[in-house]
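Below you'll find the structure, written out as structure tokens, and then a few comments.
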Amino acid sequence: MSDYYNAFEMSPVPAPGPDTVPPELFRGIYGMPAFVTIPTNDLTASVDFWVRGLGFFELFGIPGTLVHLRRWAFQDVLLVRAESVPEQAPAMSVGFACVLDQVDPLVEACRALRPDAVDGPRDTPWNTRDVTVITPENARIVLTAAKPLDPAGEEARNLAVIGITAPAAGHGDPHGDNQEHA
């Protein structure tokens, strides 16, 4: 891991903690380093689900053709009009970061709109809490929230095996120089 360095200042994702506040919705215009394009045969229904269920907002749209959605900086989705959508969700997914306090409200909002669309939440060995949502377009979306890392816990041991070490309890930044945020 010596070739890696702390670059958390580039990310809108806050460090995990009990009082972590999510970043504001980002309304700036920038060159998108990555984005997802998802076909939909019902732009109105898709936008409604992404906005009310997943917490995105409409940045702009081309009526009947495309809607550009966003949450935080670098969480961009283009919904594009298509004649049809896949009949089932693919195994492939796209993930979006959230904070722990957002997980339960996102689950509730998505289940209120599509009761069978949500799987989870579940905790992972790499120290996140994940929720998988199948959208009206049959896209598989994973909302993932980093959990605070207990340096003596199983997740810290799992990460240490692959070379990511946590500082001792109460010492240093949880994203030290040789840390990666899972």
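Working carefully through the options A97, A109, A160, find the one that is farther than 30 Å from I29 by Cα and of a type in the set (A, V, I, L, M). If you could, list the steps in order and put the result at the bottom.
Values: A97 fails: farther than 30 Å from I29 by Cα; A109 fails: farther than 30 Å from I29 by Cα.
Result of the check over A97, A109, A160: A160.
Here are the criteria: (1) within 20 Å of T132 (Cα to Cα); (2) in contact with a Lys or Arg (Cβ under 9 Å, 6 or more places away or on another chain). Tell me which single one D101 does not satisfy.
For D101, the exception is condition (2).
Give the residue, chosen from G153, G172, G176, that is modelled with pLDDT under 80 and open to solvent by less than 60 Å² (accessible area, probe 1.4 Å). Spell out how you get there, then give the answer.
On the way: G153 fails: modelled with pLDDT under 80; G172 fails: open to solvent by less than 60 Å² (accessible area, probe 1.4 Å).
Only one candidate qualifies: G176.
Matching residues to (1) closer than 30 Å to F8 by Cβ; (2) in contact with a Ser or Thr (Cβ under 7 Å, 6 or more places away or on another chain):
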site: A45; (1), (2): no, no
site: L54; (1), (2): yes, no
site: F74; (1), (2): yes, no
site: L78; (1), (2): yes, yes
site: V85; (1), (2): no, yes
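Do any strands (runs of 3 or more DSSP E) entirely within segment 6-114 hold 3 or more residues that are open to solvent by less than 30 Å² (accessible area, probe 1.4 Å), and if so, which?
Values: elements: 36-40, 57-62, 66-70, 76-81, 94-98.
Qualifying strands (runs of 3 or more DSSP E): 66-70, 76-81, 94-98.
Mind listing whichever residues of segment 16-38 are under 14 Å from the mean Cα position of the chain (by Cα) and more than 16 Å from G55 (Cβ to Cβ)?
Across segment 16-38, the qualifying residues are P16, A34, F35.
Suppose we keep only residues that are at pLDDT below 95 and in a loop (DSSP other than H, G, I, E, B) within segment 139-150. Which one would you say is farthest from D104 (Cα to Cα)?
Looking at the filtered set, the residue picked out is D150.
Mind checking whether some residue in segment 2-21 is closer than 18 Å to G64 by Cα, touching a residue at least 40 places away in the same chain (Cβ under 8 Å) and of a type outside the set (S, T, Y)?
Quick first cut of segment 2-21, residues closer than 18 Å to G64 by Cα only: none.
No: zero hits.
The values are calculated or read from the model by the stated rules, or taken from the named source; none is laboratory data. As the structure is a computational prediction, the values presented were derived from the model and not from experiment. Please note: Cβ atoms are built from the backbone with ideal geometry, for glycine as well, and neighbour counts cover all protein chains shown. Heavy atoms of the whole protein, side chains included, go into the accessibility calculation; ligands, DNA and RNA do not. Shrake-Rupley method; radii C 1.70, N 1.55, O 1.52, S 1.80 Å.
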